[in-house]
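Structure first, then comments.
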Amino acid sequence: MSSSAHTAVATPGVPRLAQHFASLEVQNHAARLGMWLFLSTEILLFAGLFVCYGCYRYLFPEAFAAASRHLDLTMGTVNTVVLITSSLTAALAVHYAKEGKSNLVALMFGLTIAMACAFLVIKGFEYSHKFEEGALPGPYYRMQAVQLPGVPLYFTIYFLATGLHAFHVIIGMSVLVWLMIKAIRERNFGPNNYTAVELGSMYWHLVDLVWIFLFPLLYLI
Amino acid sequence: MSVANESHQEAQNMEHHGSGRYWLVWAALLVLTLVTVITGRMHIPNFALAVALLIATVKGTLVLLFFMHLIDHKGANRLVMAVSVLFVLMMLAMPMADFATRFRPANPAGSHLSDLPDLNFLEGKTGAHGSTGGAHGAGGHEAPSGGHEAPSPSGH
Amino acid sequence: MNPSSSTTAEGVLPAHDAHDAHHDHPSYLVDGTTIKSWLLTVDHKRIALMYLVWILLFFLVGGIFAMAIRIEMLTPGPTIMDAMTYNRTFTLHGMIMIFLFMIPAIPAVFGNFVLPLMLGAKDVAFPRLNLASLYIYLAGAFLALWGMLNGGLDTGWTFYTPYSTHTTTTVAPVLFGAFIIGFSSIATGLNFIVTIHTMRAPGITWFKIPLFGWALYATSCIQVLATPVIGLLLVIVSGEQLFHFGLFDPARGGDPVLFQHLFWFYSHPAVYIMVLPAFGVMSEIVATYSRKNIFGYRAVAYSSLGIAFVGFFVWGHHMFVSGQSTFDAGIFGVLTMLVGIFTAIKVFNWVGTVYKGAVEFRTPFAYFCGFLFFTVFGGMTGIAVATTSLDVHWHDTYFVVAHFHFIMVGATIMAFLAALHYWFPKMFGKTYHEGWGLVSAALIILGFNATFIPQFLLGNYGMPRRYFEYPERFQALNVASTAGSSLLAFGFIIIAIYLTYSLAYGRASGQNPWRSKGYEWLMASPPPTHNFVGPQPTYPEEPHFYVDPKKAEVPDVV
Amino acid sequence: MSNLADKILFLPERASTFAEKVDNLHYFVVGVTMVSSIAVGLAALFMFFRYRRRTPNQATEYVVPNLPTEFLFVSVPLVFFLLWFAIGFRDFVFYTTPPKDTYDVYVMGKQWMWKFAYPEGPNGVNVLTVPANRPVRLLITSRDVLHSFYVPAFRIKMDALPGRYTQAWFEATKPGTYQVLCTEYCGLSHSKMLAEVVVLSPEDFEEWLKDQKRGRLAGRQDALADTSLVPPVARMAEQGQKLAGSQGCFKCHTMDGAQHIGPTFLGMYDRMEKLEDGKTIRVDEAYITQSMMDPGAHIVSGYKNVMPTFQGKLQGAETAAIVEFIKSLRTANVREGASQGPAYEPIQ
């Protein structure tokens, strides 16, 4: 978001006020509202896939059930825990930014990024496993174990949804990296200057939010 | 001074809390994850989906309210979220209602809402087989028409 | 972007001697004349102008394809092209006109230019995002055009599966282009919503926002909430075309009707993205030229939001004969009637605004008359075609083509031209030639009717759309339609000529040639680079308050 | 009255029970549309003159609607719209729920033709023969992409979905020939995907069915032996398609335009082909027959001489049937104006 750009810092503790804003309050208000709108677009972006999932699950219930049994629940659960914890550290980063503890902000974001990497690595293992099994989308589906109409569709949706989510994880990571560098370099976050951190972590929470819904739908039922 | 008021109000809502609430939320999320995994493993008949979705919704709400501070961000911010969720639900409801109430043979073959068999899975063929010729695989559905059609060329 | 630079610069250089329009501060047109000062500006006014140049260019291209289609339709058989070329032509026509012209036309040009002025703001909330949206738009546009010219796309702008996933033409680049343009559309919408929420000057309460602002607000909500869905869908379809996942492919259990559900979830609200700003423009114009406060300001404001909201729940009326269930058809059918109501409210209130007004019949007002007719007739035929049983006959015939050209294109073009004339002095500080303005307006309104009324009849007669050849009995009406379209083209040529002339040699207009009480006229025309340098105007009265100050007793508004 | 209206509105003739219902509502809706558009237009025009500007800076009084006015603005159109919806949806339900005792016909759209299969046996390509005054239900499907089955005279239309069956029904009210058009864009020859519904009086229809059955019987010995009953082109073609299947023609020749070992059958007939020796030749009955008997005689450029001869493998009638089948795969199958049922085209 360019909104976060508005808080590029001139004097320590107080972000630069873009000339067209009436006051800092207004600027932060605008930035936050902008971020929420952007997040809503993200939600509707994923909504398309959720609709596909909902409809096809409704049409092929037993196929979806059978297929979901073939996902690695342990890996999925671990990933969920990792992501939730990364969300916690991101939230704490905002907390410390408000208190002006830039080192801790950097540390928290560092932890978040580390966990994000862990998440991607685990996902990678899962994917490779699926490739070996031949549990692949549509025409590439080769898994002899489960032969039901609708199963290839399930894996199409599985790969599209998790793939799109992973893509968002990567974007989120790059945003957090940028913020971490900011925290280390400028070390001037404070009660009046934490919007950038807040927005960045909001994006990360959205990534978490999406996964919170993807996990039970894909792995558990 | 309407605008200034709005922004000022927003700024007022941003009072600072201790970090405790984050840890609490985190713990709650972990517990709920555990619960949903267990209930999921049980494969409760009929209610599995409902339970899982309920738990997911609770978790999502926690994240939205506390991690994303929607509890502090009032007004338009909440409206935005509410509306987008509403639209997602609408987008989900109407197509599903469509499948449920459609002329049965117009539903995807092989689904429990259709009486037609799915050609790709007739005698344990792999799904890949249907890929040859793309939609032509559907040609075989002429079974009801008394077999007046030649076999679909794509079959050869 | 070099072509853009040259075009843009030329587009405005003639206006350099517009100095008399402003007093101490240089106008945004002349404040910095280097290419860079245009390409990298974050000034909403300059961005609007660059948008204008590109949008007019794409409108020209789309129009040329439209003429090609009409000429091809002159004879039942092949006339000037073969079937494949024709299929690509109407696809190009649809894509360019919808994604490159109509969706950004009014919001990105006039919205960008006047919205901050109307709100007494220095700029939109996110100026850099605003500039970015222009370049995203151009990137998407050129990717799409490149794809269309290399291999072309013959699916029609609706990309229905499974045809779009099996066609031999190049789908991916065009769809990715449209996907990218979507981001530009989202960025603009997001920017406007935040601007309206946070950038209003002291004194401008929610119910003193000019109605154009309300319309843009509703439009932006749709853009933000609907566009992501089509974005994902376009990506999936191009993926389908490349890898045949089978998500919408019946051969693998996928359902093409589900694709149509998702497609229309965006594409129906999209028609309101195109037409709502038009409504907003007309609310300003009818108030200005009849020197009246809007009759039922709140009714019009709320109905914009109403359309935006209910517009999301009616998409299924595009699918009455697609295999969708009768139950869904019923739900969507009855909800569609509600959208009609909101439009009706607007129409009545516009006419009511003229009541006891003081009408001055200038070019923009002429367009308002045309707009009124297209909206009423197009809207009513919309209700007709949304009537389930009638749609069985009309679906995918020329009746539908004529209908959406009336309400969507007719209304939008009227508003676009009206806005272009109404705000021409605001943007360039010049006046256009009134006589030519009225002549071309008449030509265009007549031409438009002559083009599309025969198409209504063709639809009744049973001619399906997207036909390269047609049975001979349809020829007479097709010829009539083509004749009308040539009239239309002629009108546009005249406009292009006299507006370019006025840009160079037009008389200086002064700050407020229309004596309008719209907020955007409270500052110099053309405005200085920094809006509202010096004392910020105060806003004691609502916009378009033409009551004689002496007997200014304002009754409580509805 | 309705005749005049039909002329003004360019409505095609009404030949089904549903068409009546549609048109009645159509008159109502279009009538109100016209009236209201004109009313709004006149009201506007009147005011433009009545309230034209007198002085440049003329002040106007502050008029706002009272609640009753706004209520009127909402309620009046709403009443009309909901009324139309009610009537329209009633008719729509009538159209989407066929009666019990319908005569079922299976319809298949494929690029770019319509095929019809009757329970009793006979088949047709691009010609659907149905009895008058009897509800006929069409079970519509598609072999490739979306199509839409549209009969303006019946006011009916229904999409054809690949791998699914949608249904549409009608009760034709008078014998005659009515055009069928495809209204869902389906590719190159979308606009040539035309067919005909031939409505026969019930007794004629029974007669026609008998002919079809006898035709089949005769077909078994020799389709051309008994010239008294000339088999309709459609059925010949259908036989030919079966033969082509059993003889393995489809191993090398596709029916959907896709190039394979041999040229596709789709649109092959009557095409000008360029031969290896540079000459061009029109693909007519003679050439097709020759290619089956002596494939090497004229090889179309770009193809190898790999086709086996069918000399002795095929009876004369079978050859003729395959030729008919290939002819039936012409993409151009347009016939204008009234035509008398399945057109018979003599062979050789």
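The values are calculated or read from the model by the stated rules, or taken from the named source; none is laboratory data. Because the structure is predicted, anything quoted here is derived from the model rather than measured. Glycine also receives a Cβ, built like all others from the backbone with ideal geometry; neighbour counts cover every protein chain displayed.
Table for the structure above
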quantity	calculated
Qualifying residue in region A:169-185 (condition: assigned to a loop (DSSP other than H, G, I, E, B), touching a residue at least 12 places away in the same chain (Cβ under 8 Å) and among the hydrophobic types (A, V, I, L, M, F, W, C))	no
Helices (runs of 4 or more DSSP H) contained in region C:26-124 and holding at least 1 residues touching a residue at least 40 places away in the same chain (Cβ under 8 Å)	C:44-72, C:83-95, C:112-118
The lone exception for D:D101 - which of (1) more than 7 Å from every other protein chain (Cβ to nearest Cβ); (2) touching a Ser or Thr at 6+ places or on another chain (Cβ under 6 Å); (3) farther than 21 Å from C:R252 by Cβ it fails	(2)
Residues that are in a loop (DSSP other than H, G, I, E, B) and either surrounded by fewer than 24 Cβ atoms within 10 Å (Cβ to Cβ) or out of contact with any Asp or Glu (no Cβ under 7 Å at 6 or more places or on another chain) (or both), drawn from region D:146-179	D:R155, D:L161, D:G163, D:R164, D:Y165, D:E171, D:T173, D:K174, D:P175
Qualifying residues in region D:294-329 (those that are in a loop (DSSP other than H, G, I, E, B) and among the aromatic types (F, W, Y)) - the one surrounded by the most Cβ atoms within 10 Å (Cβ to Cβ)	D:F310
Single condition B:A56 does not satisfy, out of (1) assigned to a helix (DSSP H, G or I); (2) within 8 Å of chain A (Cβ to nearest Cβ); (3) over 16 Å from A:L209 (Cα atoms)	(3)
Boolean, B:L54 is within 22 Å of the chain's Cα centre (by Cα) and surrounded by fewer than 16 Cβ atoms within 10 Å (Cβ to Cβ)	yes
Any pair with Cβ under 9 angstrom, 6 or more apart, that starts in region D:297-316 at a residue that is within 19 Å of D:K251 (Cβ to Cβ) and ends at one that is acidic (D, E) and surrounded by fewer than 12 Cβ atoms within 10 Å (Cβ to Cβ)	D:I299/D:D277
Any hit, region D:108-115, residues being among the charged types (D, E, K, R), in contact with a strand residue (DSSP E or B) (Cβ under 8 Å, 6 or more places away or on another chain) and closer than 29 Å to D:V197 by Cα	yes
Selected residue (only one of C:F259, C:F176, C:F192 is hydrophobic (A, V, I, L, M, F, W, C), in a helix (DSSP H, G or I) and surrounded by fewer than 24 Cβ atoms within 10 Å (Cβ to Cβ))	C:F176
Matching option when the condition is more than 11 Å from chain B (Cβ to nearest Cβ), in contact with a helix residue (DSSP H, G or I) (Cβ under 9 Å, 6 or more places away or on another chain) and without any contact (Cβ under 8 Å) to a residue 40 or more places away in the chain, among A:Y127, A:Y140, A:Y158	A:Y127
Identity of the residue in region D:24-43, in contact (Cβ under 8 Å) with a residue 12 or more places away in the chain and more than 9 Å from chain C (Cβ to nearest Cβ), that ends up surrounded by the fewest Cβ atoms within 10 Å (Cβ to Cβ)	D:Y27
Members of region B:106-118 found to be more than 9 Å from chain A (Cβ to nearest Cβ) and either more than 19 Å from A:P149 (Cα to Cα) or buried (at least 22 other Cβ atoms within 10 Å of the Cβ) (or both), listed by number	B:A106, B:L116
Of all residues in region C:145-173 being assigned to a loop (DSSP other than H, G, I, E, B) and among the hydroxyl-bearing types (S, T, Y), the one that is farthest from the other protein chains (Cβ to nearest Cβ)	C:T170
Failed item in (1) part of a helix (DSSP H, G or I); (2) at pLDDT below 95, with B:G110 passing the rest	(1)
Test set (1) more than 7 Å from chain C (Cβ to nearest Cβ); (2) in contact with a strand residue (DSSP E or B) (Cβ under 9 Å, 6 or more places away or on another chain) - D:Y51 fails condition number	(1)
D:G124 vs. criteria more than 13 Å from chain C (Cβ to nearest Cβ), of a type outside the set (V, I, T), under 22 Å from D:S16 (Cβ atoms) and buried (at least 24 other Cβ atoms within 10 Å of the Cβ)	yes
In region C:470-506, the residues that are in contact with a Phe, Trp or Tyr (Cβ under 7 Å, 6 or more places away or on another chain) and of a type in the set (V, I, T)	C:I494
The lone exception for D:G176 - which of (1) more than 30 Å from C:M84 (Cβ to Cβ); (2) at the interface with chain C (Cβ under 7 Å from one of its Cβ atoms) it fails	(2)
Any chance C:V334 is over 26 Å from B:L86 (Cα atoms), within 7 Å of another protein chain (Cβ to nearest Cβ) and assigned to a helix (DSSP H, G or I)	no
Boolean, B:D72 is charged (D, E, K, R), assigned to a loop (DSSP other than H, G, I, E, B) and within 30 Å of A:L148 (Cβ to Cβ)	no
Pick from region D:249-269, criterion in a loop (DSSP other than H, G, I, E, B) and at the interface with chain B (Cβ under 8 Å from one of its Cβ atoms), ranking: farthest from D:V306 (Cα to Cα)	D:D256
Those residues of region B:20-38 which are within 26 Å of A:N28 (Cα to Cα), buried (at least 16 other Cβ atoms within 10 Å of the Cβ) and of a type outside the set (A, V, I, L, M, F, W, C), in sequence order	B:Y22
Residues being in contact (Cβ under 8 Å) with a residue 40 or more places away in the chain, over 30 Å from C:I307 (Cβ atoms) and either surrounded by 24 or more Cβ atoms within 10 Å (Cβ to Cβ) or facing chain A (nearest Cβ under 7 Å) (or both) - total across region C:220-253	5
Candidates D:F92, D:F85, D:F80, filtered to the one that is within 9 Å of chain C (Cβ to nearest Cβ), over 30 Å from D:K242 (Cβ atoms) and surrounded by 24 or more Cβ atoms within 10 Å (Cβ to Cβ)	D:F92
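Residue-by-condition table, conditions (1) within 22 Å of C:G296 (Cβ to Cβ); (2) in contact with a helix residue (DSSP H, G or I) (Cβ under 6 Å, 6 or more places away or on another chain); (3) more than 7 Å from every other protein chain (Cβ to nearest Cβ); (4) in contact (Cβ under 8 Å) with a residue 60 or more places away in the chain:
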site: D:D6; (1), (2), (3), (4): no, no, yes, no
site: D:P12; (1), (2), (3), (4): no, yes, no, yes
site: D:S16; (1), (2), (3), (4): no, yes, yes, yes
site: D:E61; (1), (2), (3), (4): yes, no, no, no
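Results for (1) in a helix (DSSP H, G or I); (2) within 29 Å of the chain's Cα centre (by Cα), shown as yes or no for each residue.
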site	(1), (2)
D:S37	yes, no
D:G41	yes, no
D:F48	yes, no
D:Q58	no, no
D:Y62	no, no
D:P65	no, no
D:T69	yes, no
D:L72	yes, no
D:K100	no, yes
